[in-house]
Amino acid sequence: MNTIINVRKFGMAVGLTGALLYLGCMVVMATTGPEGTVQFFNSLLHGLDVSAILRMDIPLWEAGVGLVETFVLGWLVGACIAGIYNVSIKN
């Protein structure tokens, strides 16, 4: 299959997926408290202890900036992947 990937749409898909994961992290932190958050991410990260780096007092503006940054970085990564793929199938 030599199908060309739409760079903008793929970038948007990756960016939105990253933003949804970020929002999911916010929900976990808001609903489970410090102990539940540590337990969740320790199990998700194969036993890596996040208790030393966990910060629960994140202002709303900082969370918003992080959400936007995650989306933008995801969009750029997705666009790069699609662009590199498209160039590689033309050869």
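The values are calculated or read from the model by the stated rules, or taken from the named source; none is laboratory data. Note that the coordinates shown come from a computational prediction; the quantities given were computed from them, not determined experimentally. Note: ideal-geometry Cβ built from the backbone for every residue, glycine included; neighbour counts use all protein chains shown.
Restricting to the range 43-60, and then to whatever is part of a loop (DSSP other than H, G, I, E, B), among the small types (G, A, S) and out of contact with any helix residue (DSSP H, G or I) (no Cβ under 8 Å at 6 or more places or on another chain), can you tell me which residue is modelled with the lowest pLDDT? Walk me through it before giving the result.
Going through the range 43-60, the residues part of a loop (DSSP other than H, G, I, E, B) turn out to be 45-59.
Those left that are additionally among the small types (G, A, S): 47, 51-52.
Now restrict to residues that are out of contact with any helix residue (DSSP H, G or I) (no Cβ under 8 Å at 6 or more places or on another chain): 47, 52.
On the way: G47: 78, A52: 95.
Here the residue is G47.
In the range 10-23, is there at least one residue being surrounded by 11 or more Cβ atoms within 10 Å (Cβ to Cβ) and in contact with a Cys (Cβ under 9 Å, 6 or more places away or on another chain)?
Yes, the range 10-23 has at least one match.
Specify the residue that is surrounded by the fewest Cβ atoms within 10 Å (Cβ to Cβ); the eligible residues are those in the range 64-91 that are of a type outside the set (A, V, I, L, M) and closer than 13 Å to A19 by Cβ.
First, pick out the residues of the range 64-91 that are of a type outside the set (A, V, I, L, M): 64, 66, 69-71, 74-75, 78, 80, 83, 85-86, 88, 90-91.
Pick out the ones that are also closer than 13 Å to A19 by Cβ and you get 64, 66, 69-71, 74-75, 78.
Numbers: G64: 10, G66: 15, E69: 13, T70: 19, F71: 20, G74: 22, W75: 21, G78: 23.
Residue satisfying both the conditions and the ranking: G64.
Look through G66, G78, G74 and report the one residue that is small (G, A, S), touching a residue at least 24 places away in the same chain (Cβ under 8 Å), under 18 Å from G24 (Cβ atoms) and in contact with a Gly (Cβ under 9 Å, 6 or more places away or on another chain).
Criteria check complete, one pass: G74.
Which condition from (1) polar (S, T, N, Q); (2) in contact with a helix residue (DSSP H, G or I) (Cβ under 6 Å, 6 or more places away or on another chain); (3) at pLDDT below 95 is the one that T37 breaks?
If we test T37 against (1) polar (S, T, N, Q); (2) in contact with a helix residue (DSSP H, G or I) (Cβ under 6 Å, 6 or more places away or on another chain); (3) at pLDDT below 95, just (3) comes out false.
For every residue, the table says whether it meets (1) more than 26 Å from G36 (Cα to Cα); (2) of a type outside the set (V, I, T); (3) modelled with pLDDT of 95 or more; (4) in a loop (DSSP other than H, G, I, E, B).
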residue	(1), (2), (3), (4)
E62	no, yes, yes, no
V65	no, no, yes, no
E69	no, yes, yes, no
V72	yes, no, yes, no
W75	yes, yes, yes, no
G78	yes, yes, yes, no
I81	yes, no, yes, no
S88	yes, yes, no, no
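What's the number of the only condition in (1) of a type outside the set (G, A, S); (2) part of a helix (DSSP H, G or I); (3) modelled with pLDDT of 95 or more that I5 fails to meet?
Of (1) of a type outside the set (G, A, S); (2) part of a helix (DSSP H, G or I); (3) modelled with pLDDT of 95 or more, only one is false for I5: (2).
Take the residues of the range 24-63 that are β-branched (V, I, T) and more than 25 Å from L73 (Cα to Cα): which is surrounded by the fewest Cβ atoms within 10 Å (Cβ to Cβ)?
It comes out as T31.
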